[in-house]
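Everything below concerns the one structure shown next.
The values are calculated or read from the model by the stated rules, or taken from the named source; none is laboratory data. All figures in this text were calculated on a predicted structure; none of them were measured in a lab. All Cβ positions, glycine included, derive from the backbone under ideal geometry; neighbour counts span all protein chains shown.
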Amino acid sequence: MAKNIYTKRDDGRKMTEVRPMTAKVGIVPSADGSASFETGKTKAIAVVRGPRTLHPQHMQNAKTGILRVNYGMMPFSVEDRIRPGPNRRSEEISKVTEWALNSVVDLTGFPNTVVDVFIQIPQADAGTRVAGINAAAMALAHAGLPMKQMVSAIGVGKIDQTLVVDLDKFEDSEFHDGEGSTDIPIVLTSRTKEIALLQLDGKISVDEFKEVIEMGKVACDDILKVQMEALKNGGKDE
Ligand code: CDP
C-alpha cells in the first residue's frame, strides 16, 4: 500500500498547534474544587470532593490520604450513544489519571482520608483523557490541596508518517491511507518537566519518539499558561 504523507490537517492547524483552549475554575460552587478544560470540541469537567474520612475503614491509610479518580463519558458525548456506567476503557483512564495526579498531589497531611475526583466528558472529539487530566489538576489546585507542582497533558500522535499535536477524532481514526494513526498521551509536571504519564499504542521510531516528547513539552507549556490563568482568575468565592 502506498505510504501517504499527511501534509494538511483537516481543520487547517499547524502540526504543532493545539486546538483553541478554554479553561475555568469554580464551575460547581458546592464542590471543594472544580474546573473545566476544553480543546476544540473536546470538553472535560472535573469536580473534587474531600478530603473526608475514607470508608470502609480497612481501606484507610494512616500515613496519607488517598486520591480516587472516576472518569466517565456522558452518553451523548459522541455521535453513537455511549452506554452509561463504567467499562474497561473508563476504568483504565481513571487509573492512569490517578497515577499521573498522584505524582504531584501530596495528601500526607490528611491521613485516613479520601479525595474524590470526578471527571466527566460532556463532549468528546478525541483527547478526552488528557483534557480530563488538565481539568482535574486545576480542580485539585482550586480545592486548595497541597501540590508539589501542576501537571499539563497533551496527546501527540503520528498520522501516516507525520507527527502532530492534539489529534481530533478525524485524525485519531484508523481510515488514513498509509500506516494509520498513533496517539501518545503525555502528562508533564510543570516545574521539573518530568513525565507523569505516557501511553503508547502503535508504532514509532526512537527518533520520532524523541521529537514527540519535544512537541509535547512545547504544547504543555501553552496548556500550563491557560490553566494558571484560569486559576488566577477564578477565586473560590466567585
Ligand atoms: O479520548 P481519548 O483520546 O483519551 O481516548 P481514546 O480511547 O483514544 O478515544 C478517542 C476518541 O474516540 C474519544 O475522545 C471519543 O471522541 C471517541 N470514542 C467514541 O466515539 N466512543 C467510545 N466508546 C470511546 C471513544
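A search for C-beta distances below 8 Å between a residue of segment 150-163 that is of a type in the set (Asp, Glu) and any residue that is within 16 Å of the ligand (Cβ to nearest atom) and assigned to a strand (DSSP E or B), counting only pairs 6+ apart in sequence or on different chains, returns ASP160/SER181.
Look at segment 75-92: where a residue is under 18 Å from VAL117 (Cβ atoms), no partner that is assigned to a loop (DSSP other than H, G, I, E, B) sits 6+ places away or on another chain with Cβ atoms under 7 Å.
Looking across segment 97-108, the residues that are in contact (Cβ under 8 Å) with a residue 40 or more places away in the chain, away from the ligand (no atom under 16 Å from the Cβ) and surrounded by fewer than 20 Cβ atoms within 10 Å (Cβ to Cβ) come down to SER103, ASP106, THR108. Restricting attention to segment 44-72, the residues that are surrounded by fewer than 16 Cβ atoms within 10 Å (Cβ to Cβ), part of a loop (DSSP other than H, G, I, E, B) and not polar (S, T, N, Q) add up to 4.
Kindly provide the set of residues from segment 222-238 that are touching a Lys or Arg at 6+ places or on another chain (Cβ under 9 Å) and at pLDDT 95 or above, ordered by number. Talk me through it step by step, then tell me what you get.
Taking segment 222-238 and keeping what is touching a Lys or Arg at 6+ places or on another chain (Cβ under 9 Å), we get 230, 233-234.
Scanning segment 222-238 gives a single hit, ALA230.
For segment 141-160, the criterion of being within 16 Å of the ligand (Cβ to nearest atom), of a type in the set (A, V, I, L, M, F, W, C), modelled with pLDDT under 95 and closer than 30 Å to GLY12 by Cα is met by at least one residue. Of the residues contained in segment 85-96, none is found to be at pLDDT 95 or above, surrounded by 19 or more Cβ atoms within 10 Å (Cβ to Cβ) and away from the ligand (no atom under 16 Å from the Cβ).
Of the numbered criteria (1) of a type in the set (D, E, K, R); (2) out of contact with any helix residue (DSSP H, G or I) (no Cβ under 7 Å at 6 or more places or on another chain); (3) within 12 Å of the ligand (Cβ to nearest atom), the one ARG129 fails is (2). Set side by side, the residues PRO75, PRO111 differ, and just one is in a loop (DSSP other than H, G, I, E, B) and more than 12 Å from the ligand (Cβ to nearest atom), which is PRO111. How about segment 115-126: which of its residues are aliphatic (A, V, I, L, M) and either surrounded by fewer than 24 Cβ atoms within 10 Å (Cβ to Cβ) or within 12 Å of the ligand (Cβ to nearest atom) (or both)? Scanning segment 115-126 gives ILE119, ILE121, ALA124, ALA126.
Checking each residue of segment 182-194 against the condition of being of a type in the set (Ser, Thr, Tyr), buried (at least 19 other Cβ atoms within 10 Å of the Cβ) and within 15 Å of the ligand (Cβ to nearest atom) gives at least one match.
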